[in-house]
Amino acid sequence: MTLSEPEATEFPVRLPGEPFPPRQYADFRKQPGLIRSTLPTGSPVWLVSRHEDVRTVLTDRRISSNPAREGFPNVARTGGVPTQEQIPGWFVGIDPPEHDRFRKALIPEFSVRRIRQWRPLIQETVDRCVDHLLSLGNSADLVAEFALPVPSLVISTMLGVPFVDREFFESRTKTLVNLKTTTEDERGVAVQELLRYIGRLIKVKQRRAGDDLISRLLETAVLSPEELTGVIMLLLIAGHETTANNIALGVVTLLSNPQWIGDDRAVDELLRYHSVADLVALRVAVEDVEIGGQVVRAGEGIIPLIAGANHDLDSFDRPAEFDPGRAARHHVAFGYGVHQCLGQNLVRAEMEIVYRTLFRRVPTLAVDADVTALPFKYDGTLFGLHELPVRWRTRGAKS
């Protein structure tokens, strides 16, 4: 049965002190069809909140991820981040079949086998970051001093960034993802500096290849140097803040549920439970298409609510509870279909190693604030924490 167009519903707003996902998501799922809403920009959009419908949207070839198409939704500041229109290789906004060329070139670099080879490097990086954390005394901001550096240092090593350049590389990526403490102009400068640096690094690898991701991609000759620059920038941006957000939120959740510390099953449940990339999978219909009984016309924007799908009662029993004992691998925290996150194996490995290492080496770690008053990211596309004050007892200190 095809449903008539519903009345517009107010776009869900994340408010400080309110739970995440927003309460409206559960109400949305109870209604038939899709939810008609209006973006803060004034543009109409369809909201998709059920697990089955979200997966349908993310796999239907009549629905595009290309932001250049008319009607594509824009929900938040880009912070100076480039798009496919500005640089080649930004393949997250490219539809098949052209998208397939990029994805096939990159799949071997993020396979289970390849990431298994990288695990010693990830472990070494996490250990160094814990060393740094402990050198600060007995308290720190876990986001700035640990959660952000880990993914930045891991990807810089995978790319073959020389050790002497990693401080520059990390500082620019930190500027790029920190919407709270940096201006859009500062983030735009950081983007340009990183693009120039990546371009120079690619030229170095063309002359002197190494055992790294850039060198191997150059060897395949599938991507041009210009496309490779955009690909590397995309990998850097897409993987950095999302992983950092997952690390910080996961620490808070595991400290509140210590019985799950050391159990790797917690990783996928944390990914489902927090769904940090809730508003990332933006789409637009390029043909008329029926989703959940609702006809979406060509040119109409669609937002699959990732957190809505991952908290759907029809797919997850007691979804508001953190329960790593559940079967949660069918979550859509990494998206679904042809645009499913390439780096998901890397993210899982980083999170597993981070939690095992951090809680083993800092067993007295505790959140140094009221958890309900923490500065959660209610103002951007990704959910997470701006800061996470923590404390621990130093060796020999009295409890």
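The values are calculated or read from the model by the stated rules, or taken from the named source; none is laboratory data. Bear in mind the structure is a predicted one, so any value in this text is a computation, not a measurement. We place every Cβ from the backbone using ideal geometry, glycine too, and count neighbours over all the protein chains shown. Just so you know, the surface numbers come from the protein's heavy atoms only, side chains and all, with ligands and any DNA or RNA stripped out. Shrake-Rupley method; radii C 1.70, N 1.55, O 1.52, S 1.80 Å.
Here are some notes:
- Residues being modelled with pLDDT of 95 or more and aliphatic (A, V, I, L, M) are entirely absent from the stretch 376-387.
- Considering only residues in the stretch 88-107 that are buried (at least 17 other Cβ atoms within 10 Å of the Cβ) and aliphatic (A, V, I, L, M), the one that is nearest to the chain's Cα centre (by Cα) turns out to be Val92.
- Complete set of residues in the stretch 134-149 that are in a helix (DSSP H, G or I) and either crowded, with 22+ Cβ neighbours inside 10 Å or acidic (Asp, Glu) (or both): Leu142, Val143, Glu145, Phe146, Ala147, Pro149
- Contact map, the stretch 349-374: first residue under 28 Å from Gly17 (Cβ atoms), second residue of a type in the set (Ser, Thr, Tyr) and surrounded by 16 or more Cβ atoms within 10 Å (Cβ to Cβ), Cβ cut-off under 8 Å, separation 6 or more or different chains; pairs are Met351/Thr243.
- Meets criteria (out of contact with any Cys (no Cβ under 9 Å at 6 or more places or on another chain), basic (Lys, Arg) and surrounded by 21 or more Cβ atoms within 10 Å (Cβ to Cβ)) for Arg29: no
- Pick from the stretch 263-300, criterion at pLDDT 95 or above and at positive phi, ranking: most open to solvent (accessible area, probe 1.4 Å): Gly299
- Qualifying residues in the stretch 161-182 (those that are open to solvent by 70 Å² or more (accessible area, probe 1.4 Å) and more than 18 Å from the chain's Cα centre (by Cα)) - the one modelled with the highest pLDDT: Val164
- Listed by first and then second residue, the pairs linking a residue in the stretch 174-188 that is within 15 Å of His240 (Cβ to Cβ) to a residue that is of a type in the set (Ser, Thr, Tyr) and modelled with pLDDT under 70, with Cβ atoms under 7 Å apart and 6 or more places separating them unless they lie on different chains, are Thr175/Thr182.
- Cβ pairs under 6 Å, 6+ apart, first in the stretch 16-33 and on the phi < 0 side of the Ramachandran plot, second part of a helix (DSSP H, G or I) and surrounded by 14 or more Cβ atoms within 10 Å (Cβ to Cβ): Pro21/Ala307; Tyr25/Gly308
Every residue, every condition in (1) crowded, with 18+ Cβ neighbours inside 10 Å; (2) closer than 19 Å to Gln31 by Cβ; (3) under 13 Å from the mean Cα position of the chain (by Cα); (4) at pLDDT 95 or above, yes or no:
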position: Ile306; (1), (2), (3), (4): yes, yes, yes, yes
position: His311; (1), (2), (3), (4): yes, yes, no, yes
position: Pro324; (1), (2), (3), (4): yes, no, no, yes
position: Ala328; (1), (2), (3), (4): yes, no, no, no
position: Val332; (1), (2), (3), (4): yes, no, yes, yes
position: Tyr336; (1), (2), (3), (4): yes, no, no, yes
position: Arg348; (1), (2), (3), (4): yes, no, yes, yes
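- Restricting the first member to the stretch 191-217 and to residues that are farther than 24 Å from Trp118 by Cβ, and the second to residues that are not aliphatic (A, V, I, L, M), the beta-carbon pairs closer than 7 Å and six or more apart or on different chains are Val191/Gly80; Val191/Pro82; Glu193/Arg172; Leu195/Thr229; Gly199/Thr229.
- Test: residue in the stretch 224-245 that is open to solvent by 10 Å² or more (accessible area, probe 1.4 Å), in a loop (DSSP other than H, G, I, E, B) and without any contact (Cβ under 8 Å) to a residue 40 or more places away in the chain: no
- Tally, over the stretch 1-32, of residues that are modelled with pLDDT of 90 or more and among the small types (Gly, Ala, Ser): 1
- Restricting attention to the stretch 32-79 and to residues that are within 21 Å of Pro97 (Cα to Cα) and touching a Leu at 6+ places or on another chain (Cβ under 9 Å), the residue that is least open to solvent (accessible area, probe 1.4 Å) turns out to be Ser65.
- In the stretch 97-115, the residues that are over 21 Å from Arg61 (Cα atoms) and among the acidic types (Asp, Glu): Glu109
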